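One structure is given here, and the rest of the page talks about it.
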Amino acid sequence: MSNKIIIAIDGTSSTGKSTLAKRISKQLNYLYIDSGAMYRALTYYAIKRKFISNSHFDKTKLIADIPNINIDFRNNLTNNNLEVHLNGISYENKIRSLEVSNLVSEIATVDELRKQMVLVQHALGLNKGVIMDGRDIGTVVFPNAELKFYLEATTELRAKRRYDELLLTDKNITYDEVLDNIKLRDNQDTTREHSPLKKANDAVLINTDNLTLDELESKLLSYINPLITKNL
Ligand code: CDP
């Protein structure tokens, strides 16, 4: 019998958090929750409602509109992944665009939005058996998570990984704009007032620079397995 726990994975962009979390969730039969997708969906909404652009951000209007925004996760039957839905619709490709990436960290500074997202995240963790990745999962969302990881990698390697990934859907993308976006978000995410990205004191620090995904998966599982097989 296994003991269900909450696993928090935090870290900067493109450190492999979501790929690893997804793989491990399938192995353990856990829910994988991509908390960044929630902020991306909120950003897509704010762009569509013209609350935010490269040159302006009407935070007051966005906050006033919170009662009209519903963010939840629903199962995608084709790949069995939980996908974020904005007012009942999935915008999976659109929320991954560079346009959204360039504005998401600004949206993620809004504490009123964060509080709503944390309510949804807590509800998802009620029965444990959850692996959630993001920026504040081990520090704010689940400070009592049984296991926390903090993933890091050099900026250039992260930009290269993200560039290769985005090139599959956008042939016009350049490495430099991806690198700029990663630097911008690193800065905004670590310096914001509410729930800034930082390593929780009790998180396991993992550098992903020189390890393959298989090696990383084994490493994470070497911390997870003893916790889920105890207390039988
Ligand atoms: O995929 P990537 O690591 O590039 O980013 P993401 O996980 O999709 O998150 C997008 C953005 O959402 C981050 O850069 C943060 O600004 C914000 N975010 C956050 O503030 N808190 C979280 N728990 C997750 C994401």
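None of the figures in this text is laboratory data; all of them are computed from the coordinates on show. Values in this document were obtained by computation on a predicted structure and should not be read as measured data. Positions of Cβ are backbone-derived with ideal geometry, glycine not excepted, and every protein chain shown enters the neighbour counts.
A few notes on this one:
- Using Cβ point charges alone (K and R +1, D and E -1), the dipole size of the chain about the Cα centre works out to roughly 460 debye.
- Amide H contacts under 5 Å for Lys148, placed H, 5+ residues apart: Ala8, Val204
- Kyte-Doolittle mean at least -1.0 and Cα axial length at least 15 Å: DSSP H helices in the chain: 17-28, 35-48, 111-125, 213-229
- Straight Cα distances below 20 angstrom link Lys148 to the lysines Lys4, Lys17, Lys22, Lys26, Lys128, Lys198, Lys199, Lys219, Lys230, with same-chain residues fewer than 8 positions distant left out.
- Of the GluC sites (Glu not before Pro) in the range 166-221, the ones in a loop by DSSP (not H, G, I, E or B) with at most 11 other beta carbons within 10 Å are Glu193.
- Fraction of antiparallel bridges per DSSP, the chain only, in percent to nearest 5: 30 percent
- Sparse packing (at most 15 other Cβ atoms within 10 Å of the Cβ) combined with a DSSP loop state is found for the following GluC sites (Glu not before Pro) in the range 30-121: Glu92.
- Model label sites at Asp111 and Thr155, defined 7 Å from Cα along the beta-carbon direction, differ in position by 2.9 nm.
- Chain lengthening between His122 and Tyr175 when straightened (0.36 nm per residue, less Cα-Cα): 15.4 nm
- Ratio of Rg to Rh over the range 6-225 (Cα coordinates, Kirkwood Rh, two decimals): 0.94
- With both labels modelled 7 Å from their Cα along Cα-to-Cβ, the Leu213 to Asn70 distance reads 3.4 nm.
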